Every structure is written in structure tokens, then in C-alpha cells.
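The numbers here are math on the coordinates, done by the rules we state, and not lab data. Being a predicted model, the structure only gives us computed values, none of them experimental. Positions of Cβ are generated from backbone atoms using ideal geometry, with glycine treated the same way; all protein chains shown enter the neighbour counts.
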Amino acid sequence: MRPRSFGDAGQAFPIYIVVVGGLLFLAFAYFAVGQAAANRNDAQTAADAAALAAAQDRRDALTDAWVTHLEDPAAWMGIFNGEAEGFGLSCARAEQLAAQNDATVLSCTSEGLLDYMVEVETNQTVGESIVPGTEDYRSRESATAVIDSRCTFDPLPEGAEEDALPSLKCEGTTWTLDPKDPRELLPQPEDLFDVHLAD
């Protein structure tokens, strides 16, 4: 009876090493992809928060302008369309929210009166991995926030009292403003304007 040969086992060992090495490489590659994805998610979260913060700051400024001109209904339409004197871009709030999410605002712009486009970059890099260059890579993402007026109003009828104020209709809620005490129970900024991320 011939002794059993172990030659096949010896030949299989290098193949086993190659397979295990390949699996480890794939595992590290997937880890690097996961790191990059997490970094991009952080950037998108920061961009969303920054854009919303800028838009909400503008919404609050428009609300203040409406309260200031409450007894001048002729100015209301312009305010609900985003027009308010003395207010610039609300990018300072965008920068604050980006910083709270460990990112930096690269740009903060507005194409109209009722939107904000913000681009941010993460302060943290993806980190070292088997993919060259990731140790210095920072993710960049952008977001756009939009301000929509919730309210409409009808012009006062002819013969209305000089100090009369129009009723304000805000998505199913009607605000009847008392000219003797117009600031009593005024709608809040979120009642007047909706702020949301653009689709």
C-alpha cells in the first residue's frame, strides 16, 4: 500500500492565502467606501441645516417687517413676496449651523428673495484608508431652502374705516386683526411663512 501524498494540501495553501488576502482587501475597501459615505452624509446634514437656518432667519426678519408695517396694508404684499428694506442675506446663521455640524460654509447665495443656496465642506477628512488621498479629502455638499408665504388677504372694501385692517387667511386659519389693538394675538413666523428644503 502506497503512503498518502500531502502534495495537494501543500498546493492549496498558497491559494488559501491569496483568497484570504483578497477578502481582507475587499473588507478594507468597503470600510473606505463607508467612511466616504459617512463623510458625505455629514456634509449633507450640515448643508441642509445651514440652508434652513438662513431661510428661517429671513422668515423671522420678514415677520418683523410685517409687524412694523401692520397698520399699512399697502406694504403687506411686498413683504409676503420677500421684500423688506434693511435686511441682507442671512448667511451668518448659515455659518453658525454649519459650524455646529463641524463644517464650513463655502458659499451662501440667493437667486430670489425667498430662497437660500448653501454649499459646505466638512472640517473632518475621510481619514486614512487603503484608497490613496482620502486622508486629505473633505466632502462638499449643497442644499437649497425655500420660503413660501402661507397667507393671502383681500383688499379692504370701499368705504372701510380708515384704520381698518384686512383679514389674513393663512392656510385655513383666518386672523381678524383688531385696529384698536392689532398686535394682540398676532400670527407667529411659522404661521405666516413655510420654510422647507427644495426637492
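A few remarks follow.
- Estimated FRET transfer efficiency (Leu106, Glu171; beta-carbon r; R0 35 Å; 0.05): 0.50
- Packing rank of 63-70, 47-54, where each peptide gets the mean count of other beta carbons within 10 Å, highest leading: 47-54, 63-70
- Taking Cα centre as origin and charging only the Cβ of basic (Lys, Arg, +1) and acidic (Asp, Glu, -1) residues, the dipole magnitude of region 64-103 rounds to 120 debye.
- Site pair Glu161 and Arg138 shows an inter-label distance of 6.0 nm when each label is modelled 7 Å from Cα along Cα→Cβ.
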